[in-house]
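A short worksheet on the structure shown next.
The values are calculated or read from the model by the stated rules, or taken from the named source; none is laboratory data. Quantities reported herein were computed from a predicted structural model and do not represent experimental measurements. Please note: Cβ atoms are built from the backbone with ideal geometry, for glycine as well, and neighbour counts cover all protein chains shown. The area values use the complete protein model at the heavy-atom level, side chains included, leaving out ligands, DNA and RNA. Shrake-Rupley method; radii C 1.70, N 1.55, O 1.52, S 1.80 Å.
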Amino acid sequence: MLSINKENQEQIDFSKGGRGDFSKASMIACVTGASGMVGSKIVRRLRSQGYTVRALSRKKQFNDKGIVSFCGGIEDEEILKSFLHNAHFLFHCAAELHDESRMWDINVSGTQRLLKLIAGSTITYFCYLSSAGVVGLSEAPLVNEESQCNPQNRYEKSKWAAEKLVAKSINTCSTVILRPTDVIDDSRPGALYRPIRGSLIDRVVVFFKGNEQAHIIHAEDVADAAIYFLNSRFEKPVLFFVSCDHEPFNTFGGLWELYKSIQQGLPEKEIRSKIYLPIAIPYLLRRLWRGACNLGNVRYSSEKLLSSGFCYRLGVKGAVQSILAAHQS
């Protein structure tokens, strides 16, 4: 028996990786944003564990008898009522990332709508997928869950507003808020586009940005973190960063070197760091171009998540291996 509660969690048996021994086929898990990078992986993982899944998405229909597809968005309260009826778990991954005119309605009002429906419902676990971006500008080189938030753009502000609603609005179920860093997967490799393409322009960009943090986290690891606390019981909402910034290769230069070494079949011990510009130079160029911004050495701490007993299944090296294999095939 192991307690991960330093402050407010009951004793939970983690002998099964943090998950209880429910009759899973009778438990209903709901996932909003089910076609997204993280949502789709949560759906797949829940099904592999035997849960019945309801997937809310504007696009994707799931061809699995254990997945009930709901076509629509979180603006439609009638769809949400059916979606949540007699359900036990809710993973809220839906968000608007690109259209600023819709961000507040989707990210804030949509979340508020869900919270209203959760009250008095059968939901026992609610996981809200936020973003490390809510921290915004920070002068601290290491950011953790206690750091002050200073969001800058419309997206960051909408996610921060939604996060505050979640943090104060739920007292009827166990609630976890996750702040992942830059989420990637095999089809959207983010910063790994540079070594994948390997063009002269990419080499120049990495020469400039090589010492800066890349902040990548694979969507599979984020999905694992969301499900890890499924049967834990928290008295009040608990916040975790989901980040691999503690790993040495999670810089633009480190990812380039790691990708190329794995591609060539070289052992990790033979990777030799190259020379890159000091982080002050890309910072000044970025500040001239965009205005206020963070220095490239800011890292987001995953110490709280790791101290709970959670382990990253992929991490940076596993993410690079997965993406390299996907692109080679």
Label 7 Å along Cα→Cβ of ASN171; the stretch 232-260 residues with amide nitrogen under 19 Å? 233-239
Beyond 25 Å between alpha-carbons counts as too far, so tell me which of LYS116/LYS164; LYS24/LYS164; LYS157/LYS317; LYS59/LYS168 fall in that bin. LYS24/LYS164; LYS157/LYS317; LYS59/LYS168
TYR283: accessible area at probe 1.4 Å, nearest 10 Å²? 40
The stretch 79-203, accessible surface, carbon-and-sulfur percent (1.4 angstrom probe): 49
In a GNM of the chain with a 10 Å cut-off on Cα contacts, which of LYS168, LYS159, LYS81 has the highest mean-square fluctuation? LYS168
Check THR175: other-chain or 5+ apart residues with amide H under 5 Å from its amide H, H built from backbone geometry? PHE126, PHE234, VAL238
Å² of accessible area per residue within the chain, as computed with a 1.4 Å probe and no ligands counted: 47
Taking θ = phi - 60°, what integer Hz values does the Karplus form 6.51 cos²θ - 1.76 cosθ + 1.60 yield along the stretch 97-114, in sequence order, with x for Gly and Pro? 9, 10, 8, 4, 5, 10, 4, 5, 5, 7, 6, 9, 5, x, 5, 4, 5, 5
Which whole-number percent is the relative contact order of the chain (Cα, under 8 Å, 6+ apart)? 18
With r defined as the distance between the Cβ atoms of PHE208 and ASP99 and R0 fixed at 35 Å, what FRET efficiency is calculated, to the nearest 0.05? 0.70
So how tilted is helix 219-228 from the main axis of the chain? Cα-based, degrees 0 to 90, rounded to 10. 40
Report, in degrees rounded to the nearest 10, the 0 to 90 angle that the Cα long axis of helix 280-290 makes with the longest principal axis of the chain. 60
With θ taken as phi - 60° and the coefficients 6.51, -1.76 and 1.60, list the Karplus ³J(HN,Hα) couplings across the stretch 176-188 in order, rounded to whole Hz; mark glycine and proline as x. 10, 10, 10, 10, x, 7, 7, 6, 10, 8, 5, 8, 10
Under-5 Å amide H pairs with VAL242, H placed in peptide plane, nonlocal only: ARG179, THR181
The FRET efficiency for LEU306 and ILE79, from their Cβ-Cβ distance with R0 = 45 Å and rounded to 0.05, is 0.75
Want the number for SER48 to ALA140: 0.36 nm per residue separation, take away the alpha-carbon distance, what's left? 29.1 nm
Paramagnetic label zone (point 7 Å from Cα along Cα-to-C-beta, SER109; backbone N under 16 Å) in the stretch 33-73: 73
GluC sites (Glu not before Pro) within the stretch 146-250: DSSP coil, no more than 16 neighbouring Cβ in 10 Å: GLU146, GLU235
Would you mind counting up the charge near ALA140? Only other residues with Cβ under 12 Å from its Cβ, with Lys and Arg at +1 and Asp and Glu at -1. -1
